[in-house]
Amino acid sequence: MLEQALDGVSKNPQAWNILRRVVEAGFHGEKEVITRELDPWRDVGQREFLDFGCGTGEFAPCFPPAHYTGVDLASYYVRFAGRNHPGRFAVASGAAIGLAPAQFDASLVLGVFHHMP
C-alpha cells in the first residue's frame, strides 16, 4: 500500500519534489558535497557536466547552467526540470544515452543504479 502511494506521488514531479525535500532534509548534505567536489572544476567554459538520472532537476542549480546537461528516463521529470531550472535536459535511458563519447568532464549519478538491471 505504501509503495503504491509513493508510486502515485512520484508521477507528479512537484509533489515528488516536496516529499523528497522533506524526507531528505532539503538535500543540504548532497548539495554541500556537490559544491565541494565541483570547486576544482570551476573553470567554467572548459568543463561539461552530466547529471545522469537528473529527475526533476533538483541539483541543476549546483552546476554552471551553460555547461550542464541533465538526462532522465522519465519524460515528465525532464519537462518539469526544463521548466524550472537552467541547463539542458533530455529524455534518455542508461542503455542508450545517445551522447557523444568524451563529451563530459564529470558526471553526477545519484540515486540511479538501484533502478537499473
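Among the residues of the stretch 98-116, those identified as farther than 11 Å from residue 54 by Cα, open to solvent by 50 Å² or more (accessible area, probe 1.4 Å) and either assigned to a loop (DSSP other than H, G, I, E, B) or charged (D, E, K, R) (or both) are 98, 99, 100, 101, 102, 103, 105, 116. Count of the stretch 76-97 residues, restricted to those that are open to solvent by less than 40 Å² (accessible area, probe 1.4 Å) and closer than 19 Å to residue 15 by Cβ, is 5.
Output the number of residues of the stretch 64-76 satisfying the condition of being among the hydroxyl-bearing types (Ser, Thr, Tyr) and closer than 16 Å to residue 109 by Cα. Even if it seems obvious, please write down each step before you answer.
Applying the first criterion (among the hydroxyl-bearing types (Ser, Thr, Tyr)) to the stretch 64-76 yields 68-69, 75-76.
Keeping just the survivors that are closer than 16 Å to residue 109 by Cα gives 68-69.
So the count comes out to 2.
If you take the residues in the stretch 62-75 that are more than 12 Å from the chain's Cα centre (by Cα) and under 22 Å from residue 30 (Cβ atoms), which one is surrounded by the fewest Cβ atoms within 10 Å (Cβ to Cβ)? By that ranking, first place goes to 65.
Under the condition of being modelled with pLDDT of 90 or more, assigned to a helix (DSSP H, G or I) and open to solvent by 20 Å² or more (accessible area, probe 1.4 Å), the residues counted in the stretch 40-61 number 1.
The values are calculated or read from the model by the stated rules, or taken from the named source; none is laboratory data. Keep in mind that what you see is a predicted model, and the values were worked out from it rather than measured. Neighbour counts are summed over all protein chains in view; Cβ atoms, including those assigned to glycine, are modelled from backbone coordinates with ideal geometry. In case anyone asks, the SASA skips ligands and DNA or RNA and just uses the protein heavy atoms, side chains included. Shrake-Rupley method; radii C 1.70, N 1.55, O 1.52, S 1.80 Å.
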